[in-house]
1. Counting only residues that are in a strand (DSSP E or B) and touching a Ser or Thr at 6+ places or on another chain (Cβ under 6 Å), which one in segment 55-96 is surrounded by the most Cβ atoms within 10 Å (Cβ to Cβ)?
2. Would you pick out the residues in segment 31-48 that are within 19 Å of residue 209 (Cα to Cα) and buried (at least 21 other Cβ atoms within 10 Å of the Cβ)?
3. Do you know which residues across segment 278-291 are crowded, with 19+ Cβ neighbours inside 10 Å and modelled with pLDDT under 95?
4. Assess whether residue 181 counts as being hydroxyl-bearing (Ser, Thr, Tyr), at pLDDT 95 or above and not in a helix (DSSP H, G or I).
5. crowded, with 21+ Cβ neighbours inside 10 Å and either without any contact (Cβ under 8 Å) to a residue 40 or more places away in the chain or small (Gly, Ala, Ser) (or both) - does that describe any residue in segment 259-277?
6. Mind listing just one residue for me: the one in segment 98-123 that is within 13 Å of the chain's Cα centre (by Cα) and hydroxyl-bearing (Ser, Thr, Tyr) and, of those, surrounded by the fewest Cβ atoms within 10 Å (Cβ to Cβ)?
7. Take the conditions loosely packed, with under 14 Cβ neighbours inside 10 Å, at pLDDT below 95 and among the hydrophobic types (A, V, I, L, M, F, W, C) and apply them to residue 235. Does it pass?
8. Being touching a Gly at 6+ places or on another chain (Cβ under 6 Å) and in the same structural domain as residue 206 (by TED's automatic domain parsing) is the filter here; which residues of segment 231-265 pass it?
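The values are calculated or read from the model by the stated rules, or taken from the named source; none is laboratory data. Keep in mind that this is a model prediction, so the values were computed, not measured. Reconstructed Cβ throughout: ideal geometry from the backbone, glycine too, with neighbour counts over all protein chains shown.
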Amino acid sequence: MQKLSRRTLLAVALPALAAPVARAQEPEEYPSRPVTFIVPYAPGGGTEALAHMLGEKLQQQLGQPFTVQSRPGEGTVIATNFVAKSPPDGYTIMMAVSTLAIDATLYKKLPYDPAKDLALIALVASVPFVLVVNPSLPVYSVDDLIALAKQKPLSFGSGGVGAFHHLAGALFASMTGIKLTHVPYRGTLPALNDLAAGYIQLMFTDYGPAQPLLTAGKLRPLAVTTTTRLTALPAVPPLAEAGVPGYDIAAWQGVAVPMKTPSDIVVKLNALLNTIVGTPDIRGRLRDLGMNPIGKGSPEELASFLPAEIVRWSKIVETAGLAKSE
C-alpha cells in the first residue's frame, strides 16, 4: 500500500483542525413563546378575574403573553382534562380551584386523575362564599330562609355540577334538613344574572362577581360560609352564627400544570407566583375580590396538598349527601 507523505497528511489534517467545533445546543429560556392560561369557568367570574391579574404580572416578569382562555363545561372537567392531556412543557397552565379535589370524589369516573395527571404549583388565595338571595324573596335572615324552604320548594344556582357553589348549597341543605333544587350553569356570572332576574331564588357565590349586583341592591346577602366575617361585608354574619352551627368552609384558588412539567419551570413559576401574591398591590386587589391571599408553599409542599384535599372534600361530599355521578 502506498505511503502518504508528511505533506499530504498535513494537507488533509489542517482543514479539519481549522473547522469550527459544533457547540451543544443550549436549552431555551422559559418562556420563549406565549403561554395559554386556562380558566375552567365562563368569563365574568372571580376565577377569570384572578387569572387576568396573575397573567398580567407574569407577562411583565417573563416578557411573554399569558393568554387567558375560558373552557367551561361539565363543572370543571372539560378544562381540567384539556390541561391534564396537554404537553408538559409549561406552555399550558390553569387556574386550579377546590373543584379539582371535589370532582375526585363526586364523579365515579374522570378522564384524568387529579393527583397523578396535574401538579399544583401555587396556592394563591382562599375564598369565603356568601349566601345571597333575590330581594323579592321575603327573607332577611338564614332562619327566615330555612323556614320558607320548609314551606315551598326553592332553587339554588351554581357555576356547574361539582363547583364550590354547588357543594356549599348541598351542604347547607343537608345540615338544615331542607330540600333545595340545584340548577347548574356554565359559570358564576350566568347563575348570578338569573338569580338577580328571579329565575332562581338563592346561591352561594364568591364576593367579587356578585359585588356589582350587591351594590345595586339586586341581591341580598344573608351569611358567609366561614367563621370570620368578610371585610367587604362586615354586617353579614357567618352561617355558624346565623343558625347553622359548625358550618365553616372556604374554596381555594391556585395554579396547576400537567404532571411531568420540567422541575425548573415548576420552581420558576412557583417562586414568581408566590412573590406576585405577596406584593401589596395584588394582596389589596385580592381582598377587593373577597379573597384572602396565600402565596406560600414550595412545589414539594404543594405536592401533598392536593391528595390531602381530596380526602378532606370526600368527607364534605358525603356529609352533603351528594351521590357520585358518572
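1. Of everything passing the filter in segment 55-96, 95 is surrounded by the most Cβ atoms within 10 Å (Cβ to Cβ).
2. Matches in segment 31-48: 38, 39, 40, 41, 42, 45, 46, 47, 48.
3. Result: 286, 289, 290, 291.
4. When the stated conditions are applied, residue 181 passes them.
5. no
6. Among them, the one singled out is 98.
7. Against the criterion (loosely packed, with under 14 Cβ neighbours inside 10 Å, at pLDDT below 95 and among the hydrophobic types (A, V, I, L, M, F, W, C)), residue 235 does not qualify.
8. The answer is 232, and nothing else.
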